[in-house]
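Working notes, beginning with the structure itself.
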Amino acid sequence: MSRTLPSPTRHGRAAIIGASIAGLLAARILAEHFDEVVLLERDPLPEGAAPRKGTPQAVQPHGLLARGRQVLDGLFPGFSEALVAQGALYGDAGGEVAVDANGQRLARATLGVDALACSRLAIEAEIRRRVRALPNVRVLDGVDVIAPVHEDARVTGLRWQPRDADSLAGAEPQTLAAALVVDCSGRASRSPAWLREWGYAAPAEERVQVGIAYTSAYFRRAPGQPPLACVIGAATPALPRPSILIAQEPDAQGRERWVAGVGGYTGDHVATTREAMAERARQINHPEIAALAEHAEMIGEPMRYGFPHSQRRRYERLRRFPAGYLVMGDALASFNPIYGQGMTVAACEALALRDALARGPDSLQGLARRFFRAAARVVDAPWQIAVGGDLALPVVPGPRPFPVKLVNAYLGRLQRAAVHDPVLAGAFLKVVQMLAPPKSLMAPRLMWRVWRGRHRPGAAVAQTAAA
Ligand SMILES: Cc1cc2nc3c(=O)[nH]c(=O)nc-3n(C[C@H](O)[C@H](O)[C@H](O)COP(=O)(O)OP(=O)(O)OC[C@H]3O[C@@H](n4cnc5c(N)ncnc54)[C@H](O)[C@@H]3O)c2cc1C
């Protein structure tokens with residue numbers, strides 16, 4: 001018997017604050033449910049892959065996790081192919097990716113899931129191109145959102161003004177009515193302050209102070225010769241000095257590139273010179289970055305980026321929240337960038353938004369509650385990975401309850417055993433790539449392998465380094 005599914009209820013207009021990764025992905029989903037979606041972005045948006053002021057992080061190394069690639073390919077058919085056509089590398093998320101821990105490389109493992117290596121600028125530009133092509137999406141760029149409009153326990157639109165390049169005062173504020181406003185303005189989001197102004201409680205905020213900074217630079221890549229697409233240097237208690245190397249699509253001059261970054265916590269920072277990068281890479285035994293920093297042609301200058309703390313705002317715990325309003329992306333949770341999770345989390349939150357809209361006779365009724373609960377489930381695992389990983393490092397301040405200590409001790413052993421065991425290395429990488437939950441590493445068959453692997457000579461060396 002065939003059954004006709006009810007067509008989704010359509011609403012009038014949705015407005016989104018910020019047209020970066022989270023804002024664009026929210027627009028992609030809301031376009032399925034609203035007659036019109038308006039994206040309001042402070043920066044004038046470039047046509048292609050170019051840096052802009054509002055997202056200074058975008059020129060820093062950005063890894064798109066394999067789970068994020070899967071979601072983006074689902075939302076935008078042919079997404080990976082479009083980036084590969086621009087020169088992105090595409091290959092197995094295990095086979096093409098090496099992970100170093102304590103100066104030792106984990107065994108190589110094939111995951112059977114592909115990942116993309118390319119620049120964040122190219123990823124954002126491709127998403128933007130697809131979203132702009134949606135017939136019911138309108139982009140207002142070069143405009144400042146002043147604040148949402150709140151009346152009678154609901155948000156009914158927002159006030160905005162064009163940013164006038166010639167005058168700091170800008171032009172006259174205007175009001176845009178909307179049935180739903182989504183705050184995707186990034187980690188400096190003003191939603192907590194706006195909620196207080198409207199008479200609500202602000203969400204509880206969890207913070208982990210990491211004081212991380214990394215120095216990064218682009219280097220020329222020998223054409224068609226990447227033995228690997230990405231090398232991740234994990235921060236460990238013995239060596240809390242993360243590093244990253246990711247192949248990039250060619251730049252506007254057709255130069256194939258690497259982007260490399262070397263970082264440190266709480267003041268252990270690398271000077272912004274290639275010599276300092278090379279020295280740090282040698283200290284942490286990262287041969288690829290050391291060789292590039294010593295010999296390769298550098299494109300542009302080394303850059304420094306500081307990131308004070310990971311933060312998570314617990315909107316799902318608020319008892320009162322205005323109707324017609326949501327918060328997504330970094331505005332909800334912003335993670336220590338060494339784990340490369342932010343874009344993938346924004347993509348998974350977009351799927352959570354789609355589910356939350358699909359439920360209920362009137363999908364806007366109770367939407368905030370449904371969405372924030374689902375988004376909290378999305379954030380839980382990457383937050384556990386990032387915060388758990390950071391609290392394993394003695395340099396990071398914060399309480400460490402016994403279960404956190406226990407899990408971190410186990411993960412340290414697992415990493416050491418994974419130097420020789422491709423099964424353990426593959427299981428670890430699946431969690432890193434957000435393809436499996438952290439608890440999958442506690443499976444008895446893996447625990448047995450960790451226990452068995454503790455007698456290997458390499459493991460003993462690494463344990464000595466960790467002591
Ligand atoms: C150094 C660094 C490295 C990172 N590396 C990775 C990585 O490897 N992999 C990964 O997945 N993620 C990484 N991230 C995280 C990633 O950049 C973010 O998670 C991702 O950009 C999603 O952020 P967002 O869209 O929520 O906010 P943002 O990217 O911060 O964008 C917010 C947007 O809102 C606009 N805006 C703000 N206020 C207003 C206003 N009042 N009116 C109009 N517009 C406004 C801004 O101009 C901006 O465009 C990294 C972050 C940092 C800092």
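The values are calculated or read from the model by the stated rules, or taken from the named source; none is laboratory data. From a predicted model like this one, the values you see are computed outputs, not experimental measurements. Because the Cβ atoms are built from the backbone with ideal geometry, glycine has one as well, and the counts that use them run over all protein chains shown.
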Of all the residues that make up the range 249-276, how many are more than 14 Å from ALA217 (Cα to Cα) and without any contact (Cβ under 8 Å) to a residue 40 or more places away in the chain?
-> 3
Among the residues of the range 363-417, which ones are part of a helix (DSSP H, G or I) and free of Cβ contacts under 8 Å to residues at least 12 places away in the same chain?
-> ASP380, PHE402, PRO403, LYS405, LEU406, ALA409
From the list GLY412, GLY360, GLY366, GLY426, pick out the single residue that is modelled with pLDDT of 95 or more, of a type outside the set (Asp, Glu) and not assigned by TED's automatic domain parsing to the domain that holds ARG105.
-> GLY426
Which residues, taken from the range 40-51, are under 15 Å from ALA133 (Cα atoms), under 21 Å from the mean Cα position of the chain (by Cα) and more than 9 Å from the ligand (Cβ to nearest atom)?
-> GLY48
Of all residues in the range 198-219, which are more than 19 Å from the chain's Cα centre (by Cα) and within 15 Å of the ligand (Cβ to nearest atom)?
-> ALA217, TYR218
Expected single match for under 23 Å from LEU351 (Cα atoms) and assigned to a loop (DSSP other than H, G, I, E, B) among PRO51, PRO61, PRO77, PRO46 is PRO77
From ALA188, ALA153, ALA147, grab the single residue that is outside the structural domain of ALA85 (by TED's automatic domain parsing) and either polar (S, T, N, Q) or more than 10 Å from the ligand (Cβ to nearest atom) (or both).
-> ALA153
Test VAL145 against the stated conditions and say whether it is in a strand (DSSP E or B) and under 19 Å from ASP330 (Cα atoms).
-> yes
What residue, among those in the range 52-62 that are surrounded by 13 or more Cβ atoms within 10 Å (Cβ to Cβ) and more than 14 Å from the chain's Cα centre (by Cα), is farthest from the ligand (Cβ to nearest atom)?
-> ARG52
Flag for GLU36 being away from the ligand (no atom under 11 Å from the Cβ) and in contact (Cβ under 8 Å) with a residue 40 or more places away in the chain | yes
Set ALA66, ALA26, ALA31: member being in contact (Cβ under 8 Å) with a residue 60 or more places away in the chain, on the phi < 0 side of the Ramachandran plot and within 11 Å of the ligand (Cβ to nearest atom) | ALA26
The lone condition ALA171 fails out of (1) more than 24 Å from ASP73 (Cα to Cα); (2) in contact (Cβ under 8 Å) with a residue 12 or more places away in the chain; (3) part of a loop (DSSP other than H, G, I, E, B) is (2)
Could you name every one of the strands (runs of 3 or more DSSP E) located completely within the range 83-142 that has at least 1 residues being within 30 Å of ASN285 (Cα to Cα)?
-> 89-92, 97-101, 114-117
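Look at LEU140 and say whether it is at pLDDT 95 or above, touching a strand residue (DSSP E or B) at 6+ places or on another chain (Cβ under 9 Å) and surrounded by fewer than 22 Cβ atoms within 10 Å (Cβ to Cβ).
Criteria met by LEU140.
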Matching residues in the range 302-338 - criterion: being more than 14 Å from the chain's Cα centre (by Cα), assigned to a strand (DSSP E or B) and not hydrophobic (A, V, I, L, M, F, W, C) = PRO302, ARG304, TYR305, GLY306, PRO308, HIS309, ARG313, TYR325
From the list GLU151, GLU124, pick out the single residue that is of a type in the set (Asp, Glu) and free of Cβ contacts under 8 Å to residues at least 24 places away in the same chain.
-> GLU151
Can you find even one residue in the range 186-205 that is over 30 Å from GLN415 (Cβ atoms), modelled with pLDDT under 95 and out of contact with any strand residue (DSSP E or B) (no Cβ under 8 Å at 6 or more places or on another chain)?
-> no
Qualifying positions in the range 269-308 - closer than 30 Å to PRO203 by Cα and surrounded by fewer than 16 Cβ atoms within 10 Å (Cβ to Cβ) | GLY306, PRO308
